[in-house]
Amino acid sequence: MISSSTEPAGQAGPLAWYFAAIRFLAGATMLTIVVIMTAQVITRYIFNGSLIWAEELCRYILIWQTFLFIGMAYSRGELVAVDLVPDLLTPKLRLALRAVMAVPILIFLWLMMVNGYVYSTRFAHQVVPAIDFIFMSLIGHGVGLSIFWVYVSVAVGSALLGLHIIASLIADFRALAAGRPKATAHPTVPQA
């Protein structure tokens, strides 16, 4: 799917704050995974032991990364797309096609958000074993962090992706109305 960049370059405000926070979270969570997996490798091959919670914790972080950052990938035009037909159309028809294509996608994301939330509440009584094990080792008792916080990532990510799609359509409509057609199908967004 063709996406225009809705990421503000050098602007202040809520959107700039949002994109900066998402970029920071992407880096921080990736660093966390690298540190945990490095500790796991060192523990296993040097001390002949194992951190039994490491893989589970990294799995949960990866799940959140997937759903939190897919909207950013969409805004940057980094999702896989076949642009043969849209590239043959005029800017007005391209925007009309994108708007028509967005309807079933937004309906699907709405269903994912609603059902993802409902599904996550069904398991709210279960705890995340890795987190409980870590705290059991450190302070003598678990914290009882609900698995809800892992499963709700589907609902949160679906909502964020839907907002990115709507923002992209609005930005493209405004650009077309102002007589500024997109220069490229996938504009480069400055990396911060």
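The values are calculated or read from the model by the stated rules, or taken from the named source; none is laboratory data. Being a predicted model, the structure only gives us computed values, none of them experimental. Positions of Cβ are backbone-derived with ideal geometry, glycine not excepted, and every protein chain shown enters the neighbour counts.
Candidates in region 145-176 are the residues that are of a type in the set (S, T, Y) and in a helix (DSSP H, G or I); of these, the one that is farthest from M101 (Cα to Cα) is Y151. Quick one: would you say S120 is under 18 Å from S153 (Cβ atoms) and of a type in the set (S, T, N, Q)? Taking the combined requirement at face value, the residue satisfies it.
Inclusion of G142 among residues that are in contact with an Asp or Glu (Cβ under 7 Å, 6 or more places away or on another chain), modelled with pLDDT under 90, in a loop (DSSP other than H, G, I, E, B) and surrounded by fewer than 17 Cβ atoms within 10 Å (Cβ to Cβ) is warranted.
Evaluate the following for S137: is it under 30 Å from L95 (Cα atoms) and out of contact with any strand residue (DSSP E or B) (no Cβ under 6 Å at 6 or more places or on another chain)? Spelling it out, it is not the case that S137 is under 30 Å from L95 (Cα atoms) and out of contact with any strand residue (DSSP E or B) (no Cβ under 6 Å at 6 or more places or on another chain). Could you tell me whether region 157-178 includes any residue that is within 30 Å of A16 (Cβ to Cβ), in contact with a Leu (Cβ under 6 Å, 6 or more places away or on another chain) and charged (D, E, K, R)? Taking every residue of region 157-178 in turn, at least one turns out to be within 30 Å of A16 (Cβ to Cβ), in contact with a Leu (Cβ under 6 Å, 6 or more places away or on another chain) and charged (D, E, K, R). Restricting the first member to region 41-64 and to residues that are of a type in the set (S, T, N, Q), and the second to residues that are surrounded by 15 or more Cβ atoms within 10 Å (Cβ to Cβ) and part of a loop (DSSP other than H, G, I, E, B), the beta-carbon pairs closer than 7 Å and six or more apart or on different chains are T43/L51. Taking the numbered list (1) of a type in the set (V, I, T); (2) loosely packed, with under 15 Cβ neighbours inside 10 Å; (3) under 26 Å from the mean Cα position of the chain (by Cα) in turn, I36 passes all entries but (2).
Out of A159, A130, A175, A183, which single residue is of a type in the set (G, A, S) and either within 22 Å of the chain's Cα centre (by Cα) or modelled with pLDDT of 90 or more (or both)? Going through A159, A130, A175, A183 in turn, just one is of a type in the set (G, A, S) and either within 22 Å of the chain's Cα centre (by Cα) or modelled with pLDDT of 90 or more (or both): A159. Just one of the listed residues (F47, F24) is surrounded by fewer than 12 Cβ atoms within 10 Å (Cβ to Cβ), modelled with pLDDT of 90 or more and part of a loop (DSSP other than H, G, I, E, B), and it is F47.
Of the residues making up region 133-156, those that are among the polar types (S, T, N, Q) and more than 26 Å from the chain's Cα centre (by Cα) number 1. Checked against the criterion of being exposed (fewer than 13 other Cβ atoms within 10 Å of the Cβ), outside any helix (DSSP H, G or I) and aliphatic (A, V, I, L, M), the candidates V103, V85, V80 yield just one match: V80.
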